[in-house]
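The values are calculated or read from the model by the stated rules, or taken from the named source; none is laboratory data. Since we're looking at a predicted model, the values are computed, not measured. FYI the Cβ positions are ideal-geometry reconstructions off the backbone, even for glycines, and counts take in every protein chain you see. Each accessible area value is taken on the protein alone, full model and side chains, heavy atoms only, with ligands, DNA and RNA left out. Shrake-Rupley method; radii C 1.70, N 1.55, O 1.52, S 1.80 Å.
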Amino acid sequence: MRVAALYDVHGNLPALEAVLADPRCQTADVVVCGGDVLLGPWQAECVERLLAVGARFLTGNCERQVLDATSESTTRWCRSQIDERLANLAAAWPLSVGVEIDALGSVMFCHATPRRDDEILTRLTPDEIVGDACEGMPLVVCGHTHVQFDRVAGRTRLVNAGSVGMPYEGRTAAYWALLGPDVELVSSEYDVEAAVAALRATGYPASDELAETLLTPHSAEEATEVFEARRRGA
Ligand SMILES: [Mn+2]
(Lines give C-alpha, C1' and ligand atoms only; values in the text may rest on other atoms or scores of the structure.)
Protein backbone atom coordinates (compact mmCIF):
# COMPACT_ATOMS: atom_id res chain seq x y z
CA MET A 1 0.00 0.00 0.00
CA ARG A 2 1.28 3.38 -1.04
CA VAL A 3 -0.59 6.60 -0.24
CA ALA A 4 -0.36 10.02 -1.87
CA ALA A 5 -1.31 12.60 0.78
CA LEU A 6 -2.72 15.71 -0.88
CA TYR A 7 -3.55 18.34 1.70
CA ASP A 8 -4.78 21.94 1.62
CA VAL A 9 -5.59 22.00 -2.08
CA HIS A 10 -7.73 25.12 -1.51
CA GLY A 11 -9.48 24.86 -4.83
CA ASN A 12 -6.27 25.28 -6.83
CA LEU A 13 -7.09 23.06 -9.82
CA PRO A 14 -3.89 23.65 -11.85
CA ALA A 15 -1.80 22.66 -8.82
CA LEU A 16 -3.93 19.57 -8.18
CA GLU A 17 -3.75 18.55 -11.86
CA ALA A 18 0.04 18.82 -11.72
CA VAL A 19 0.21 16.53 -8.70
CA LEU A 20 -2.22 13.96 -10.14
CA ALA A 21 -0.17 13.92 -13.38
CA ASP A 22 3.11 13.49 -11.48
CA PRO A 23 4.46 9.95 -12.13
CA ARG A 24 5.26 9.64 -8.41
CA CYS A 25 1.60 10.27 -7.54
CA GLN A 26 0.55 7.67 -10.07
CA THR A 27 2.51 5.03 -8.13
CA ALA A 28 0.09 5.46 -5.20
CA ASP A 29 -2.67 2.94 -4.55
CA VAL A 30 -4.77 5.52 -2.74
CA VAL A 31 -5.01 9.30 -2.67
CA VAL A 32 -5.92 10.80 0.69
CA CYS A 33 -7.32 14.32 0.45
CA GLY A 34 -6.39 15.74 3.83
CA GLY A 35 -8.89 18.58 4.24
CA ASP A 36 -9.17 22.18 3.07
CA VAL A 37 -9.81 21.18 -0.52
CA LEU A 38 -12.52 23.85 -0.21
CA LEU A 39 -12.06 27.62 0.15
CA GLY A 40 -10.52 28.58 -3.14
CA PRO A 41 -11.26 29.34 -6.78
CA TRP A 42 -12.05 25.87 -8.26
CA GLN A 43 -13.41 23.89 -5.32
CA ALA A 44 -16.03 21.75 -7.07
CA GLU A 45 -13.67 20.91 -9.92
CA CYS A 46 -11.01 19.79 -7.43
CA VAL A 47 -13.44 17.57 -5.53
CA GLU A 48 -14.65 16.03 -8.81
CA ARG A 49 -11.07 15.29 -9.92
CA LEU A 50 -10.33 13.67 -6.57
CA LEU A 51 -13.56 11.65 -6.64
CA ALA A 52 -12.57 10.47 -10.13
CA VAL A 53 -9.34 8.97 -8.77
CA GLY A 54 -11.18 7.34 -5.86
CA ALA A 55 -9.69 9.57 -3.19
CA ARG A 56 -10.51 9.19 0.48
CA PHE A 57 -11.47 12.55 1.97
CA LEU A 58 -10.95 14.11 5.38
CA THR A 59 -12.53 17.29 6.61
CA GLY A 60 -10.57 20.45 7.44
CA ASN A 61 -11.49 23.68 9.16
CA CYS A 62 -12.22 25.29 5.78
CA GLU A 63 -14.85 22.68 4.93
CA ARG A 64 -16.58 23.73 8.14
CA GLN A 65 -16.13 27.44 7.38
CA VAL A 66 -17.49 27.13 3.83
CA LEU A 67 -20.41 24.85 4.72
CA ASP A 68 -21.41 27.12 7.62
CA ALA A 69 -20.78 30.36 5.70
CA THR A 70 -23.04 33.19 6.75
CA SER A 71 -21.58 36.65 6.40
CA GLU A 72 -17.91 36.72 5.36
CA SER A 73 -17.81 37.39 1.61
CA THR A 74 -15.12 34.87 0.59
CA THR A 75 -16.67 31.90 2.38
CA ARG A 76 -20.14 32.96 1.21
CA TRP A 77 -18.93 33.02 -2.41
CA CYS A 78 -17.33 29.59 -1.89
CA ARG A 79 -20.57 28.20 -0.46
CA SER A 80 -22.49 29.57 -3.47
CA GLN A 81 -20.21 27.58 -5.81
CA ILE A 82 -21.07 24.25 -4.20
CA ASP A 83 -24.25 22.34 -4.97
CA GLU A 84 -26.20 20.36 -2.38
CA ARG A 85 -24.73 17.04 -3.48
CA LEU A 86 -21.19 18.26 -2.89
CA ALA A 87 -22.16 20.00 0.36
CA ASN A 88 -23.67 16.77 1.67
CA LEU A 89 -20.57 14.83 0.66
CA ALA A 90 -18.24 17.30 2.37
CA ALA A 91 -20.39 17.42 5.52
CA ALA A 92 -19.87 13.67 5.92
CA TRP A 93 -16.07 13.66 5.57
CA PRO A 94 -14.44 12.32 8.76
CA LEU A 95 -11.91 14.10 10.99
CA SER A 96 -9.36 11.32 10.50
CA VAL A 97 -8.69 8.18 8.48
CA GLY A 98 -6.40 5.32 9.52
CA VAL A 99 -4.51 3.33 6.87
CA GLU A 100 -2.15 0.36 7.23
CA ILE A 101 0.93 1.02 5.10
CA ASP A 102 3.73 -1.46 4.37
CA ALA A 103 6.83 -0.85 6.47
CA LEU A 104 5.16 2.08 8.25
CA GLY A 105 2.33 0.28 10.06
CA SER A 106 -0.74 2.11 11.25
CA VAL A 107 -0.82 5.67 9.87
CA MET A 108 -3.37 8.22 11.04
CA PHE A 109 -4.30 10.91 8.52
CA CYS A 110 -5.95 14.07 9.87
CA HIS A 111 -6.13 17.71 8.78
CA ALA A 112 -4.65 19.36 11.89
CA THR A 113 -4.62 16.85 14.76
CA PRO A 114 -6.54 13.60 15.28
CA ARG A 115 -8.92 15.40 17.67
CA ARG A 116 -9.47 18.81 16.03
CA ASP A 117 -9.51 20.31 12.53
CA ASP A 118 -7.87 23.60 13.53
CA GLU A 119 -5.16 22.86 16.08
CA ILE A 120 -1.73 24.21 15.17
CA LEU A 121 1.34 21.97 15.34
CA THR A 122 4.56 23.14 13.70
CA ARG A 123 8.11 21.87 13.48
CA LEU A 124 8.85 24.10 16.51
CA THR A 125 5.94 23.03 18.75
CA PRO A 126 7.26 21.45 21.98
CA ASP A 127 7.34 17.63 22.02
CA GLU A 128 4.94 17.27 24.93
CA ILE A 129 2.26 19.34 23.16
CA VAL A 130 2.64 17.28 19.97
CA GLY A 131 2.55 14.06 21.99
CA ASP A 132 -0.59 15.14 23.83
CA ALA A 133 -2.38 16.15 20.62
CA CYS A 134 -1.41 12.91 18.86
CA GLU A 135 -2.48 10.69 21.78
CA GLY A 136 0.45 8.28 21.46
CA MET A 137 -0.29 7.37 17.84
CA PRO A 138 2.93 6.16 16.17
CA LEU A 139 2.62 8.02 12.85
CA VAL A 140 0.33 10.97 12.19
CA VAL A 141 0.10 12.83 8.87
CA CYS A 142 -1.28 16.36 9.18
CA GLY A 143 -1.46 19.56 7.15
CA HIS A 144 -3.23 22.83 8.01
CA THR A 145 -0.14 25.07 8.33
CA HIS A 146 0.94 24.62 4.67
CA VAL A 147 4.57 23.89 5.64
CA GLN A 148 6.09 20.43 5.21
CA PHE A 149 8.00 18.72 8.01
CA ASP A 150 8.79 15.26 9.33
CA ARG A 151 9.66 15.15 13.03
CA VAL A 152 9.61 12.83 16.00
CA ALA A 153 8.04 13.96 19.27
CA GLY A 154 8.24 11.33 21.98
CA ARG A 155 6.49 8.20 20.70
CA THR A 156 4.91 9.98 17.73
CA ARG A 157 6.35 10.68 14.28
CA LEU A 158 4.46 13.69 12.96
CA VAL A 159 4.57 14.44 9.24
CA ASN A 160 3.11 17.55 7.65
CA ALA A 161 2.34 16.83 3.99
CA GLY A 162 2.47 20.53 3.04
CA SER A 163 -0.05 22.27 0.80
CA VAL A 164 -0.88 21.46 -2.82
CA GLY A 165 -2.67 24.71 -3.53
CA MET A 166 -1.33 27.40 -1.18
CA PRO A 167 2.10 26.42 0.16
CA TYR A 168 4.37 28.57 2.31
CA GLU A 169 7.68 27.13 1.19
CA GLY A 170 9.43 30.12 -0.36
CA ARG A 171 9.29 28.48 -3.79
CA THR A 172 6.36 28.09 -6.18
CA ALA A 173 5.20 24.47 -6.61
CA ALA A 174 2.53 22.08 -5.31
CA TYR A 175 3.68 20.29 -2.13
CA TRP A 176 2.52 16.85 -0.98
CA ALA A 177 3.71 13.57 0.56
CA LEU A 178 4.11 9.95 -0.49
CA LEU A 179 3.85 7.26 2.19
CA GLY A 180 4.96 3.67 1.80
CA PRO A 181 7.39 2.15 2.27
CA ASP A 182 9.14 5.41 3.27
CA VAL A 183 7.88 8.93 3.98
CA GLU A 184 8.77 11.26 1.11
CA LEU A 185 8.03 14.99 1.19
CA VAL A 186 7.82 16.02 -2.44
CA SER A 187 6.63 18.81 -4.72
CA SER A 188 5.38 19.08 -8.30
CA GLU A 189 6.14 22.02 -10.57
CA TYR A 190 3.37 23.78 -12.46
CA ASP A 191 2.87 27.00 -14.37
CA VAL A 192 1.92 29.31 -11.48
CA GLU A 193 1.72 32.44 -13.65
CA ALA A 194 -0.83 30.76 -15.91
CA ALA A 195 -2.73 29.53 -12.86
CA VAL A 196 -2.83 33.07 -11.44
CA ALA A 197 -4.07 34.51 -14.73
CA ALA A 198 -6.84 31.89 -14.82
CA LEU A 199 -7.81 32.34 -11.18
CA ARG A 200 -8.39 36.07 -11.70
CA ALA A 201 -11.18 35.15 -14.13
CA THR A 202 -13.03 32.91 -11.66
CA GLY A 203 -14.58 35.64 -9.53
CA TYR A 204 -12.99 34.23 -6.37
CA PRO A 205 -13.15 37.22 -3.97
CA ALA A 206 -9.69 36.63 -2.46
CA SER A 207 -7.95 36.32 -5.86
CA ASP A 208 -5.46 39.13 -5.18
CA GLU A 209 -4.26 37.63 -1.89
CA LEU A 210 -4.07 34.13 -3.36
CA ALA A 211 -2.18 35.40 -6.42
CA GLU A 212 0.37 37.13 -4.20
CA THR A 213 0.79 34.03 -2.03
CA LEU A 214 1.26 31.84 -5.09
CA LEU A 215 3.68 34.15 -6.91
CA THR A 216 5.75 35.24 -3.90
CA PRO A 217 5.22 32.61 -1.21
CA HIS A 218 6.34 33.15 2.36
CA SER A 219 9.26 31.01 3.43
CA ALA A 220 8.70 27.96 5.62
CA GLU A 221 10.61 29.71 8.42
CA GLU A 222 8.44 32.85 8.31
CA ALA A 223 5.21 30.87 8.17
CA THR A 224 6.33 28.57 10.98
CA GLU A 225 7.10 31.56 13.23
CA VAL A 226 3.69 33.10 12.51
CA PHE A 227 1.82 29.85 13.20
CA GLU A 228 3.87 29.10 16.29
CA ALA A 229 3.10 32.58 17.69
CA ARG A 230 -0.60 32.03 16.93
CA ARG A 231 -0.48 28.65 18.68
CA ARG A 232 1.03 30.26 21.78
CA GLY A 233 -1.74 32.85 21.67
CA ALA A 234 0.73 35.67 21.10
MN1 LIG B 1 -6.68 24.28 7.51
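Taking the stretch 160-176, which residues are out of contact with any helix residue (DSSP H, G or I) (no Cβ under 7 Å at 6 or more places or on another chain) and surrounded by fewer than 24 Cβ atoms within 10 Å (Cβ to Cβ)? Result: Arg171, Ala173. Within the stretch 25-69, the residues that satisfy the criterion of being charged (D, E, K, R), over 25 Å from Val196 (Cα atoms) and modelled with pLDDT of 95 or more are Asp29, Arg56, Arg64. Residues that are farther than 23 Å from Glu100 by Cβ, more than 15 Å from the ligand (Cβ to nearest atom), out of contact with any strand residue (DSSP E or B) (no Cβ under 6 Å at 6 or more places or on another chain) and of a type outside the set (A, V, I, L, M, F, W, C) within the stretch 113-143 comprise Thr125, Pro126, Glu128, Asp132, listed in sequence order. Please specify each residue of the stretch 94-128 satisfying the condition of being more than 16 Å from Val3 (Cβ to Cβ) and open to solvent by 30 Å² or more (accessible area, probe 1.4 Å). Passing the criteria: Leu95, Arg115, Arg116, Asp118, Glu119, Arg123, Leu124, Pro126, Asp127, Glu128. Could you say whether any residue in the stretch 80-89 is touching a Ser or Thr at 6+ places or on another chain (Cβ under 8 Å), away from the ligand (no atom under 13 Å from the Cβ) and at pLDDT 95 or above? For the stretch 80-89, residues touching a Ser or Thr at 6+ places or on another chain (Cβ under 8 Å), away from the ligand (no atom under 13 Å from the Cβ) and at pLDDT 95 or above: absent. Within the stretch 1-38, the residues that satisfy the criterion of being of a type in the set (D, E, K, R), touching a Ser or Thr at 6+ places or on another chain (Cβ under 9 Å) and away from the ligand (no atom under 16 Å from the Cβ) are Arg2, Asp22, Arg24. Report yes if some residue within the stretch 158-170 is on the phi < 0 side of the Ramachandran plot and over 17 Å from the mean Cα position of the chain (by Cα); otherwise report no. Within the stretch 158-170 (the criterion being on the phi < 0 side of the Ramachandran plot and over 17 Å from the mean Cα position of the chain (by Cα)), the answer is no, since none of the residues qualifies.
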